[in-house]
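What follows is a single structure, written as structure tokens, with notes after it.
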Amino acid sequence: MEIDFQSIDPKLRYKILTSTIIPRPIALVTSRGTNGVDNAAPFSFFNVFGEDPPIIILGLQSKESGAPKDTTRNIRETNEFVVQLVDDKLVEAMNNCAVDFPEDVSEFDFTQITRAPCKRVDVCRILESPIAFECRRTLSLQLNETRDLLIGEILYMHAREGIIDPKSMHLSLSKYNVVGRLFGNLYAPVDKNFSITRIN
């Protein structure tokens with residue numbers, strides 16, 4: 001089968017891309033509006049792209065009208081955000097954070113996730129998240145009326161006690177229980193893995 005991406009509708013491209021590039025990590029992004037409202041929204045167009053500097057990239061959307069969604073607007077205005085990773089205990093709240101609430105409604109309050117302070121940014125992080133990265137916007141590229149590519153630098157990290165060994169800095173997958181995004185309503189735990197040694 002051959003598919004010419006230049007000749008198909010963007011909604012069909014989305015369907016094909018999200019069902020083939022799997023699993024994708026989920027960024028549950030918190031930001032704060034200039035109105036003081038704390039926002040939380042999930043993104044699966046997301047990954048880490050370097051360590052020096054430590055860089056995260058997010059694919060941010062605007063509404064079909066071209067008006068920015070809350071996360072996009074907040075980061076444009078404040079340059080600050082927090083990326084939380086999602087484990088099996090947080091997945092239901094993450095899914096509820098995807099609801100298109102009015103901008104004066106905080107997902108923290110609706111989903112009853114807990115606000116926790118940050119060290120480097122004026123944004124709340126989610127206490128229940130196993131991993132949280134405090135970030136500052138480095139660069140945004142507006143690709144069209146509805147899509148921004150956001151490059152952010154990680155300033156500070158929070159990890160739930162026991163996930164990372166403080167001496168070896170090794171991560172325990174059995175204590176992390178992170179969840180990845182598949183497509184549609186499907187998600188997948190990272191509960192099976194294997195090791196392979198690279199040829200030197």
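Observations on the model:
- Taken together, the residues in segment 1-10 that are open to solvent by 90 Å² or more (accessible area, probe 1.4 Å) and part of a helix (DSSP H, G or I) amount to 1.
- Candidate set: segment 124-141, residues that are basic (Lys, Arg) and touching a residue at least 60 places away in the same chain (Cβ under 8 Å); chosen: the one most open to solvent (accessible area, probe 1.4 Å): 137
- Any pair with Cβ under 8 angstrom, 6 or more apart, that starts in segment 19-48 at a residue that is surrounded by fewer than 17 Cβ atoms within 10 Å (Cβ to Cβ) and ends at one that is of a type in the set (Asp, Glu): 34/77; 35/103; 35/104
- Residue 114 being under 24 Å from residue 73 (Cα atoms), of a type in the set (S, T, N, Q) and at pLDDT 95 or above: yes
- Enumeration of residues in segment 11-46 that are β-branched (Val, Ile, Thr), outside any strand (DSSP E or B) and in contact with a Lys or Arg (Cβ under 7 Å, 6 or more places away or on another chain): 26
- Residues (open to solvent by 60 Å² or more (accessible area, probe 1.4 Å), basic (Lys, Arg) and not in a loop (DSSP other than H, G, I, E, B)) located in segment 61-119: 76, 115
- Any hit, segment 181-190, residues being touching a residue at least 24 places away in the same chain (Cβ under 8 Å) and basic (Lys, Arg): yes
The values are calculated or read from the model by the stated rules, or taken from the named source; none is laboratory data. Fair warning: this is a prediction, and the values are worked out from it, not measured in the lab. Virtual Cβ from ideal backbone geometry, glycine too; neighbours counted across all protein chains shown. Note: areas computed on protein heavy atoms with side chains; ligands, DNA, RNA excluded. Shrake-Rupley method; radii C 1.70, N 1.55, O 1.52, S 1.80 Å.
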